[in-house]
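Below: one structure, written as structure tokens.
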DNA sequence: GTCCATATGG
DNA sequence: TTCACACCCTCCG
DNA sequence: GAGGGTGTGTCTCCATATGGACTG
Ligand SMILES: [Mn+2]
Ligand SMILES: [Mn+2]
């Protein structure tokens with residue numbers, strides 16, 4: 001059933017109904033995480049006429065935070081003025097809020113600015129850039145005066161709900177990355193979603209958890225402004241200093257700390273960098289600490305670095321950390337170098353744009369009668385999803401707490417396999433009992449293709465590609481590959497060789513293509529090591545200048 | 001008139 | 001808002 | 001060549017409209 005068609009107007013009540021779905025979901029599943037003001041907001045929304053509700057939801061989907069009333073025209077709303085009046089009366093919209101004048105000026109085009117402020121424009125000449133004109137206008141007038149003048153030209157509006165909308169959307173989707181447009185994608189048929197067992201236990205437990213998550217998320221927007229605002233880093237660190245008990249929030253917090261630490265490193269402030277990494281709980285914080293301590297080399301630094309390495313080896317946060325620790329600790333077992341073919345480039349004038357070397361390699365291989373595709377990580381991840389689909393969407397406490405999820409919340413957490421031990425084992429035994437697991441994968445592909453899945457890139461996982469893969473890979477190779485990934489999706493999510501190739505002989509091979517200035521990265525080494533141990537065919541194809 | 005970034009909407 | 005890589009550097013055998 | 005550091009392209013769905021900056 002297709003609800004929407006691109007270019008065709010949706011049903012009159014379409015967008016409003018989407019928001020209603022959000023409200024229904026949140027009231028049903030997350031009533032305990034709502035604040036009093038959120039409930040008031042929802043009540044106010046219910047009270048206004050349907051046409052006003054429709055307009056408000058249209059505004060939810062637009063950029064904001066200010067809107068020009070003369071730019072609002074929706075057939076399903078009817079008279080915009082009437083709807084706006086209802087919304088203003090209900091306190092859902094504010095008319096002419098005392099916003100900083102530069103925000104209001106931003107609603108006018110360059111042409112309109114010249115019209116409205118002919119004096120400033122005349123002083124700067126006809127070729128004046130928009131930004132300069134705006135600056136001149138701001139310099140010549142007080143905010144108050146500017147707003148008074150602009151109010152005679154346009155009506156501007158602002159959403160008035162505090163952060164209630166943000167909280168409702170976060171409770172609905174469980175992430176700040178999705179918003180109401182997810183409904184549109186779903187109803188266009190762009191995304192389908194698996195039906196999974198919803199349970200709100202393990203999601204946001206209370207209003208405070210929601211607010212902490214939003215507060216941490218909001219800090220992300222400040223990172224790019226670090227170089228321009230003095231003292232910003234102090235404020236950020238202050239807000240990030242408290243570890244969070246809610247896992248998704250803690251994850252973001254630590255990620256931000258790592259970024260802040262990198263920024264300090266780059267500007268040559270190892271002490272502050274260490275302070276950031278020191279309270280982060282995510283890779284690569286401890287690796288950075290070891291490097292920084294060794295470089296700084298003040299009294300006790302080397303011993304501290306060694307102690308840290310020992311802690312990492314004793315209880316690594318993830319596989320990458322473990323690799324780092326054993327290497328730095330000098331106990332790194334030297335991995336056998338993967339089979340490598342060194343060749344001259346068939347196209348010496350090649351421009352090194354994205355994917356160019358891989359395409360060249362595919363052309364050469366095709367000339368030798370081989371078939372191949374450039375899929376990288378999408379291959380092992382996608383095959384694993386097809387093989388272990390039921391594990392991905394298995395009912396696990398806290399894994400599915402929101403609408404339109406593309407997988408369990410904990411897919412990339414270290415204990416993914418641990419908490420699914422029995423269902424993985426059961427699924428593996430079933431796979432191993434099949435004579436032709438490839439056939440199952442193809443049936444799954446047919447059934448599930450297009451369903452949003454964090455491990456699946458359906459564009460590269462075509463029936464042809466999967467067909468070629470399962471036809472060329474021996475049964476045991478296929479099973480060993482997916483068994484590897486399902487045991488540690490986070491560890492094996494990156495570093496897989498570039499190409500899947502079926503040679504003219506019928507034999508398959510995974511090939512990592514390397515240009516003259518490229519080399520195997522640690523994650524790629526880890527995959528080669530694993531593939532080698534399992535007896536899967538993989539090699540490096542290196543081009544020299 | 002071209003090129004580009006951004007906003008919008010199905 | 002990630003992953004892979006181009007391009008730069010130093011160190012070392 | 002190994003290994004580290006830094007910056008970049010590509011991708012989030014696709015088509016269309018708008019506006020700003022630049023060009024000859
Ligand atoms: Mn690659
Ligand atoms: Mn490569």
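The values are calculated or read from the model by the stated rules, or taken from the named source; none is laboratory data. Not measured: the values here are computed from a predicted model. Virtual Cβ from ideal backbone geometry, glycine too; neighbours counted across all protein chains shown.
Values for this structure:
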read-out: Criterion violated by residue A:28 - all others in (1) within 16 Å of DNA strand B (Cβ to nearest atom); (2) loosely packed, with under 15 Cβ neighbours inside 10 Å; (3) assigned to a helix (DSSP H, G or I) satisfied; value: (1)
read-out: Residue among A:87, A:23, A:55 that is within 11 Å of DNA strand B (Cβ to nearest atom), assigned to a helix (DSSP H, G or I) and either at pLDDT 95 or above or within 13 Å of residue A:165 (Cα to Cα) (or both); value: A:55
read-out: Verdict on residue A:78 being more than 34 Å from the chain's Cα centre (by Cα) and either part of a loop (DSSP other than H, G, I, E, B) or within 16 Å of DNA strand C (Cβ to nearest atom) (or both); value: yes
read-out: Flag if residue A:194 is away from DNA strand B (no atom under 16 Å from the Cβ) and not assigned by TED's automatic domain parsing to the domain that holds residue A:61; value: yes
read-out: Options A:529, A:518: the member that is in a helix (DSSP H, G or I) and either touching a residue at least 12 places away in the same chain (Cβ under 8 Å) or within 16 Å of ligand 2 (Cβ to nearest atom) (or both); value: A:529
read-out: Filter result for the condition that a residue is within 16 Å of DNA strand C (Cβ to nearest atom) and either without any contact (Cβ under 8 Å) to a residue 40 or more places away in the chain or surrounded by fewer than 16 Cβ atoms within 10 Å (Cβ to Cβ) (or both), over A:177, A:192; value: A:177
read-out: Given (1) part of a loop (DSSP other than H, G, I, E, B); (2) under 30 Å from residue A:136 (Cβ atoms); (3) in contact (Cβ under 8 Å) with a residue 60 or more places away in the chain, index of the condition residue A:62 fails; value: (3)
read-out: Criterion violated by residue A:483 - all others in (1) surrounded by fewer than 21 Cβ atoms within 10 Å (Cβ to Cβ); (2) over 19 Å from residue A:436 (Cα atoms); (3) at pLDDT 95 or above satisfied; value: (2)
read-out: Condition check for residue A:499: closer than 29 Å to residue A:434 by Cβ and either surrounded by fewer than 19 Cβ atoms within 10 Å (Cβ to Cβ) or within 16 Å of ligand 2 (Cβ to nearest atom) (or both); value: yes
read-out: Filter result for the condition that a residue is within 16 Å of DNA strand D (Cβ to nearest atom) and outside the structural domain of residue A:161 (by TED's automatic domain parsing), over A:66, A:3; value: A:3
read-out: Test: residue in the stretch A:487-496 that is at pLDDT 95 or above, over 30 Å from the mean Cα position of the chain (by Cα), away from DNA strand B (no atom under 16 Å from the Cβ) and part of a loop (DSSP other than H, G, I, E, B); value: no
read-out: Meets criteria (more than 12 Å from ligand 2 (Cβ to nearest atom) and touching a helix residue (DSSP H, G or I) at 6+ places or on another chain (Cβ under 8 Å)) for residue A:372; value: yes
read-out: Qualifying positions in the stretch A:504-514 - in contact with a helix residue (DSSP H, G or I) (Cβ under 8 Å, 6 or more places away or on another chain) and either in a helix (DSSP H, G or I) or surrounded by fewer than 18 Cβ atoms within 10 Å (Cβ to Cβ) (or both); value: A:506, A:507
read-out: Residue that is over 15 Å from residue A:104 (Cβ atoms) and at pLDDT 95 or above, where the choices are A:188, A:170, A:124, A:157; value: A:170
read-out: Residue in the stretch A:392-405 that is in contact with a helix residue (DSSP H, G or I) (Cβ under 8 Å, 6 or more places away or on another chain) and assigned to a helix (DSSP H, G or I) present; value: yes
read-out: Residues within the stretch A:349-379 that are more than 11 Å from DNA strand C (Cβ to nearest atom), without any contact (Cβ under 8 Å) to a residue 60 or more places away in the chain and not in a helix (DSSP H, G or I), tallied; value: 1
read-out: Hits in the stretch A:536-545 - residues which are outside any strand (DSSP E or B) and at pLDDT below 95; value: A:545
read-out: Filter result for the condition that a residue is within 16 Å of DNA strand B (Cβ to nearest atom) and either outside the structural domain of residue A:250 (by TED's automatic domain parsing) or more than 28 Å from residue A:7 (Cα to Cα) (or both), over A:125, A:174, A:131; value: A:131
read-out: Any helices (runs of 4 or more DSSP H) falling wholly within the stretch A:256-334 and containing at least 2 residues that are over 23 Å from residue A:241 (Cβ atoms); value: A:285-296, A:301-314, A:319-328
read-out: Boolean, residue A:94 is touching a strand residue (DSSP E or B) at 6+ places or on another chain (Cβ under 7 Å) and either outside the structural domain of residue A:154 (by TED's automatic domain parsing) or under 22 Å from residue A:169 (Cβ atoms) (or both); value: yes
